1. Normalised by the number of residues in segment 88-142, what is the relative contact order in percent for Cα pairs under 8 Å and 6+ residues apart?
2. With every protein chain kept in the model, how would you rank Lys104, Lys130 by accessible area, 1.4 Å probe, largest at the top?
3. For the full complex of protein chains and a 1.4 angstrom probe, list Tyr94, Tyr190, Tyr54 by accessible area with the highest value first.
4. Solvent-accessible area of Glu66, probe 1.4 Å, all protein chains present, reported in Å² to the nearest ten, please.
5. Dividing the Cα convex hull volume of segment 15-66 by residue count, how many Å³ per residue is that?
6. Just for the Cα atoms in the chain, what are the lengths along the principal axes, largest first, rounded to whole Å?
7. Counting pairs of alpha carbon atoms under 8 Å apart in space and at least six apart in sequence, what relative contact order in percent does the chain give?
8. I'd like to check one number: the per residue accessible area of segment 77-124, probe 1.4 Å, reported in Å² as a whole number.
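The values are calculated or read from the model by the stated rules, or taken from the named source; none is laboratory data. For clarity, every value in this text was computed on a predicted model and none was experimentally measured. Counting neighbours? That spans all protein chains shown, and the Cβs are built from the backbone with ideal geometry, glycine included. Surface accessibility is based on the protein's heavy atoms, side chains included, excluding ligands, DNA and RNA. Shrake-Rupley method; radii C 1.70, N 1.55, O 1.52, S 1.80 Å.
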Amino acid sequence: MIRVFIAFTLFLLVFAMSPIVFFTNFLIRIVGGESARRKFIALASIFYGRVFFYFAFAVIKVHGLENIPKDRRDILIVANHQSNMDILLLNGYYPLLKGYIAKKSLGGIFILRTWMKALGCFFLDRESVKSGMQAMKWAMAQIKDNHPMVVFPEGHRSKGGPMADFAPGAMKMATIPGSLIQPVSIEGTYKCLE
């Protein structure tokens, strides 16, 4: 219970500090351009991801960082999805700025939407085939533009159970000629706040 309280308090603190980060992000984009803005947001998301898990008393073990190419960014990161903490985990411990395809309802929370847009996310309406096609085209364009994207092909959280079947169309992005597919396995995030 104490872990939940500490993590929730930290989450509120991050949200409280977010306007400062967004304003800094805006200034950096004006002064240093898009490349500098992306570097800043990458560092901020790494910091917040790691601090969150530190204060949640989570033990994080990362294997295979040597398999992340240093000279390429046209990467589709394919990961299983156990909990809401998976995005914080990937932000904190996968060393590249990356975008996500997220469910549309997350876009209704102002601070969260602003963070996700800064990371380069697309909000998908799961009920709309048109939205799914737009998400795939958008993600494929991002990958071609050397901005790595994360897809959770299950389409929802498994909450620690076995990996579910892939959602229809989730892997269509893998058909980009020449792009790299990076598999990522996440284990135990569903236990993080228990």
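1. Taking the mean separation of contacting Cα pairs over the length of segment 88-142, I get 32 percent.
2. Lys130, Lys104
3. Numbers: Tyr94 15, Tyr190 75, Tyr54 160 Å².
From most exposed to least exposed: Tyr54, Tyr190, Tyr94.
4. Roll a 1.4 Å probe over it and Glu66 shows about 140 Å².
5. That works out to 73 Å³ per residue.
6. 47, 46, 37
7. 29 percent
8. Heavy-atom SASA per residue in segment 77-124 reads 36 Å².
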